[in-house]
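Here the structure is laid out as structure tokens; the discussion comes afterwards.
FYI, it's all coordinate maths here, none of it is from the lab. Small disclaimer: the values here were computed from a predicted structure and weren't measured. No Cβ is skipped: glycine too gets one built from the backbone with ideal geometry, and neighbour counts run over all protein chains shown.
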Amino acid sequence: MKVLKFGGTSVSSVETVRNISEILKKSSENQIVVCSALSKVTNMLEEAAKKAADGDVSYKEVCAQIEKRHYDFIDELIQKEQQGDLKQTIHNHIASLEKVLEAVYFLNELSQRAYYIIVSFGEKMSNAIIFRYLTIHNGSVNYLDSSQIIITRTVNGKEDVNRSVTNKNILENWNKDYKITVAPGFISKSEKGYATTLGRGGSDYTAAIYAAALDASILEIWTDVSGIYTADPRKVKDAQPLEKMSYKEALELSNLGAKVIYAPTVQPVLEKNIPMVILNTFRPDDKGTLVTVETDSSKPIKSFSTMDNIAMLTFTGTGLVGNSGIAGRLFNALKDVNVIIISQACSEMSISVVISAADAQKAVNAINEEFDFEIRKNYIKPITAETGYSILAMVGEGMKNAAGMTGKAFTALGENNINIHLIAQGSSELNVSIVIKTEDSSKALNCLHEAFF
């Protein structure tokens, strides 16, 4: 059996839903179909939640727009005599949504639990429509309610999937007698029974969880691009889709901001060595990118990726030299901040930390508080944050066996007068990250892509 995931753009119109139906008809295997909410609906749900929390009664107008969006979708996709009680199902979901939003409105507070409930309605409504359409046009179709099967637990303040319980639920509820099973993505339930989600992009993760639990032959991620590209095609016009890459390379790219793959997706299929392919719903005959344990050795570098809105902190002073425990105190002060890159000179005179610009002030306050004594004694200089930076990363397993890759990159940047502010490379040589000014980001990305591809 195989698992197919269709994202928001893949369920953006009636044409794309019809494409899904035709794609499923091409396979004789059992298939699990994981779909996201209709395109932009999650954003509309978040808008309604924010309005309600702000005491803005126009949240009701947003709910009406969401309901109309789904009614119009049904009318265009399914003949009236075949709709059955589908519109009533949508109406019931909207009525439940309005009750939650009304509570948020009167409390003027959007709790995390309320947020989870509100955004879950998108997947519930879209998958109800898709299930009905596939039942009409594809025959033997079953429905699995992911909100009751994917179980999460709170770990360090975040919801994390309890894989053992979830796998047990999947194995007990999946019925192989049905050729197609529709299972909503993104939505889940906590161990205590309240609604949770797997985060924006979580439908990919849902699909990977089903694939791993059922030892699928392949996981297909259907999106609006024909695979993983050598760079973001919106930023580099000559970017080309890659035929093949390894799990490690895909994971690196997803952690570096590449939006084609949601980072947690890789781990479940990697554990079971299940191939994953990225395909284009709008161009289903394109080959896409195959992700397996093996890389394409003919291409030392697979792709370039950028992350914007980056801040750089420099922790410096004579008090760092030969003083054991300083680094430990620094990172303990940053325990609530996601550190992206760390760099220290062998002189021990400075430590550079790269973080999201959104966390910059929180990080500065925490470090200055931790080292208040040393700062007052002038052993360590007060910390300030420099913003306006981007990270440009080059990813490829083949770099460790191909001399001169980094030198070639630095030469290309130098010839284009792009200043490098920090460099980080792990011992695996899988990823070389370069910190540059954001104003140079687009130029740097294009000149490196031209130099290598």
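As a test of the formula, what do you get for the chain when each DSSP H run with n ≥ 4 contributes -39,500 (n - 2.57) and the sum is divided by the residue count, at 222 nm and rounded to the nearest 500 deg cm²/dmol?
Working: 16 runs with 187 residues, N = 453.
One gets -12500 deg cm²/dmol as the mean residue ellipticity at 222 nm.
Would you mind calculating the gained length between Arg200 and Ile342 on full extension (0.36 nm times residue separation, minus the Cα-Cα distance), in nm to one decimal? Working shown, then result.
Details: separation 142, 0.36 × 142 = 51.12 nm, distance 2.70 nm.
My answer for the length gained is 48.4 nm.
Taking a ≥ b ≥ c as the square roots of the Cα gyration tensor eigenvalues, with a/c under 1.5 meaning rounded and otherwise prolate when a/b beats b/c, else oblate, which class fits the range 303-452? Mind showing how you got there, number by number?
Details: a/c = 2.33, a/b = 1.87, b/c = 1.25.
Note, shape of the range 303-452 comes out prolate.
Restricting to the range 2-223, compute how many DSSP beta bridges are antiparallel as a %, nearest 5.
30 percent
Determine ³J(HN,Hα), in whole Hz, for all residues of the range 143-156 in sequence, where each value follows from phi through the Karplus function 6.51 cos²θ - 1.76 cosθ + 1.60 and θ = phi - 60°; x replaces Gly and Pro.
So the J values, rounded to whole Hz, are 10, 10, 7, 4, 5, 10, 9, 7, 10, 10, 9, 7, 10, 6.
So, R0 is 56 Å and r is the distance between the beta-carbons of Ala95 and Lys377; what FRET efficiency does that work out to, to 0.05?
Working: r = 64 Å, r/R0 = 1.15.
Taking R0 as 56 Å, the efficiency between Ala95 and Lys377 is 0.30.
So which trypsin sites (Lys or Arg not before Pro) in the range 1-47 are both in a DSSP loop and have at most 13 other Cβ atoms within 10 Å of their Cβ?
Sparse-neighbourhood loop trypsin sites (Lys or Arg not before Pro): Lys26.
Please give every one of the lysines within straight-line cross-link reach of Lys25, meaning a C-alpha to C-alpha distance under 27 Å, and leave out same-chain neighbours fewer than 8 residues apart.
Within reach: Lys2, Lys5, Lys80, Lys87, Lys124, Lys176, Lys179, Lys244, Lys272, Lys287.
Multiply the residue separation of Phe453 and Ser356 by 0.36 nm, subtract the distance between their alpha-carbon atoms, and state the gained length in nm to one decimal.
32.0 nm
Give, rounded to the nearest 20 debye, the magnitude of the charge dipole that the chain has about its Cα centre when Lys and Arg contribute +1 at Cβ and Asp and Glu contribute -1 at Cβ.
400 debye
Estimate the FRET efficiency between Gln425 and Val293 by the formula 1/(1 + (r/R0)^6), using the beta-carbon distance for r and 35 Å for R0, to the nearest 0.05.
On the way: r = 23 Å, r/R0 = 0.66.
Computed FRET efficiency for Gln425 and Val293 comes out at 0.95.
When DSSP assigns beta bridges and you keep just the ones with both residues in the chain, what percent turn out antiparallel, to the nearest 5?
Antiparallel bridges make up about 60 percent of those DSSP assigns within the chain.
Describe numerically, in nm with one decimal, the distance between label points set 7 Å from Cα along Cα→Cβ at Glu47 and at Ser13.
About 2.0 nm, to one decimal.
Say a paramagnetic label sat at a point 7 Å from the Cα of Thr438, along Cα to Cβ; which residues of the range 272-311 have their backbone N under 17 Å from it?
Hits in the range 272-311 for Thr438 at 17 Å: 306-311.
In whole Å, largest first, what are the principal axis extents of the Cα atoms in the chain?
78, 57, 39
With 10 angstrom as the radius, rank Cys447, Cys63, Cys346, Cys35 by how many other C-beta atoms surround their C-beta, starting from the fewest.
Cys346, Cys447, Cys63, Cys35
Classify the range 19-81 as rounded, prolate or oblate, taking a ≥ b ≥ c as the square roots of the eigenvalues of its Cα gyration tensor: rounded when a/c is under 1.5, otherwise prolate if a/b is larger than b/c and oblate if not.
oblate
Could you line up Tyr133, Tyr178, Tyr205, Tyr210 from fewest to most neighbouring Cβ atoms inside 10 Å? Mind showing how you got there, number by number?
Working: Tyr133 22, Tyr178 17, Tyr205 25, Tyr210 29.
Going from sparsest to densest Cβ surroundings: Tyr178, Tyr133, Tyr205, Tyr210.
As a footprinting exposure proxy, order Phe106, Phe131 by other Cβ within 10 Å, with the fewest listed first. Intermediate results must be reported in sequence, preceding the final value.
Numbers: Phe106 10, Phe131 22.
In increasing order of surrounding Cβ atoms, one gets Phe106, Phe131.
What FRET efficiency comes out for the pair Asn273/Glu172, r = Cβ-Cβ distance, R0 = 22 Å, nearest 0.05?
Efficiency, rounded to the nearest 0.05: 0.35.
How would you classify the range 290-355 from its alpha-carbon gyration tensor, with a ≥ b ≥ c the square roots of the eigenvalues: rounded for a/c under 1.5, else prolate if a/b is greater than b/c, otherwise oblate?
Note, shape of the range 290-355 comes out prolate.
At 7 Å along Cα-to-Cβ for each site, give me the label-to-label distance between Asn368 and Lys237 in nm.
4.6 nm
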